[in-house]
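This report concerns only the one structure given below.
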Amino acid sequence: MRITLNRNYYYDNFIEDCIYLRDQYSDILEIEEIGKSYDNRNIMLLKVGKGSNNVICTGGVHGRETINTIVMMKMLETYCKILINQNNIDIHGLWKKKISDYLENYSLYFIPLLNPDGYMISLKGFDEIQNKELRDYDKSLNIPSSQWKYNGRGIDLNRNFPSVTWRSKSPVRESNIYSGEFPGSELETKVLIEIFNRVKSIGYIDYHSRGKVIYYYRHAMSNEYNSRQKEIALNISKLTGYYLGNPDDEFEPDQVGGNTVHYYSEYIEKPAITVETVNENASFPLSIKYQQETYSEIEKTPFVF
Ligand SMILES: [Zn+2]
């Protein structure tokens, strides 16, 4: 096993591991640079599997949620090892068979780090931003770097996706929610929308942190759509031990929409689930000790569709 958990994991480590996986598993893993962030970091797509039933999974949409990126890389490595039938994998035999069969008919498209600028700000501070104009603007917002959710331009990507509930501002709260000038304004948002539209997929999971909770209810969608969502969410709950989010909590009046899963459900019209890893009371910056625990909780979750 080359990708080890419970360590500091920066953007450069992520790129190194992308190259490592590509070199090690070139027969079964495809890798593509699908875009750049505002501060010129690469957004990477990694694909594993042989089938045409495609599932898309993303992580690192919010900068400070720094656990899921390395966990997703480790998941990919495990799936590659299963596919080429390596024996040194710590996973139950039944699941090994299940994942191996699944990957004959399905393909997983992973984008483990959609927001590399925000990720590096939250891990190392604003000086990570090379572009002086961006750096000065980000600093001027007076948000501690360890709490940083936004992209390099100070926009919350998970409020920037086109959807019926997108708002530029919260209707009842005078707080700073940075949704962007218009839905889909940000580079990173456009990159993911392009993938949603290019890859004909059957389902989508967006990994966030915190709460150990699964959000599935989509207010803009039909009862039929939401009952399928609940079925999938219950399966994820069985695998992870995470609880199901209450539909009413999912969209309170003081919130604005524009989440990745709103876009996917409304435009692609297939199941779209948000999985929140890590205890609700964990503080930012998130300790690297959550990596191993999170890995064992979510490693089987892409196989629920
Ligand atoms: Zn988040």
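The values are calculated or read from the model by the stated rules, or taken from the named source; none is laboratory data. It should be emphasised that the depicted structure is a prediction, and the values quoted were computed from it without experimental measurement. Backbone-built Cβ (ideal geometry, glycine too); neighbour counts: all protein chains shown. What goes into the accessible areas is simple: the full protein's heavy atoms, side chains included, and nothing from ligands, DNA or RNA. Shrake-Rupley method; radii C 1.70, N 1.55, O 1.52, S 1.80 Å.
Residues of the stretch 32-55 being crowded, with 19+ Cβ neighbours inside 10 Å and under 14 Å from Leu113 (Cβ atoms), which ones?
The answer is Gly35, Ser37, Asp39, Arg41, Ile43, Met44, Leu45, Leu46.
Quickly run through the stretch 71-113 and pick out the residues that are part of a helix (DSSP H, G or I) and within 16 Å of the ligand (Cβ to nearest atom).
Of everything in the stretch 71-113, those that are part of a helix (DSSP H, G or I) and within 16 Å of the ligand (Cβ to nearest atom) turn out to be Val71, Met72.
Just checking: which of the helices (runs of 4 or more DSSP H) contained wholly in the stretch 216-305 hold 2 or more residues that are more than 16 Å from the ligand (Cβ to nearest atom) and out of contact with any strand residue (DSSP E or B) (no Cβ under 8 Å at 6 or more places or on another chain)?
Hits in the stretch 216-305: 223-240, 247-250, 290-298.
Could you check how many residues of the stretch 34-70 are assigned to a strand (DSSP E or B) and farther than 22 Å from Leu83 by Cβ?
Residues flagged as assigned to a strand (DSSP E or B) and farther than 22 Å from Leu83 by Cβ within the stretch 34-70 amount to 5.
Does Asn142 qualify as being farther than 30 Å from Val256 by Cβ, part of a loop (DSSP other than H, G, I, E, B) and more than 20 Å from the chain's Cα centre (by Cα)?
no
It is to be established whether one or more residues within the stretch 8-16 are farther than 19 Å from Leu114 by Cβ, open to solvent by 30 Å² or more (accessible area, probe 1.4 Å), free of Cβ contacts under 8 Å to residues at least 12 places away in the same chain and not aromatic (Phe, Trp, Tyr).
Looking through the stretch 8-16, none of the residues is farther than 19 Å from Leu114 by Cβ, open to solvent by 30 Å² or more (accessible area, probe 1.4 Å), free of Cβ contacts under 8 Å to residues at least 12 places away in the same chain and not aromatic (Phe, Trp, Tyr).
So Asn197 ticks every box in (1) part of a helix (DSSP H, G or I); (2) open to solvent by less than 50 Å² (accessible area, probe 1.4 Å) but one. Which box is left unticked?
With respect to (1) part of a helix (DSSP H, G or I); (2) open to solvent by less than 50 Å² (accessible area, probe 1.4 Å), Asn197 is out only on (2).
Criterion first (surrounded by fewer than 17 Cβ atoms within 10 Å (Cβ to Cβ) and either within 16 Å of the ligand (Cβ to nearest atom) or in contact (Cβ under 8 Å) with a residue 12 or more places away in the chain (or both)) does Lys190 satisfy it?
Taking the combined requirement at face value, the residue satisfies it.
Looking at the stretch 132-158, which of the residues that are touching a residue at least 12 places away in the same chain (Cβ under 8 Å) and hydroxyl-bearing (Ser, Thr, Tyr) is nearest to the ligand (Cβ to nearest atom)?
Here the answer is Tyr150.
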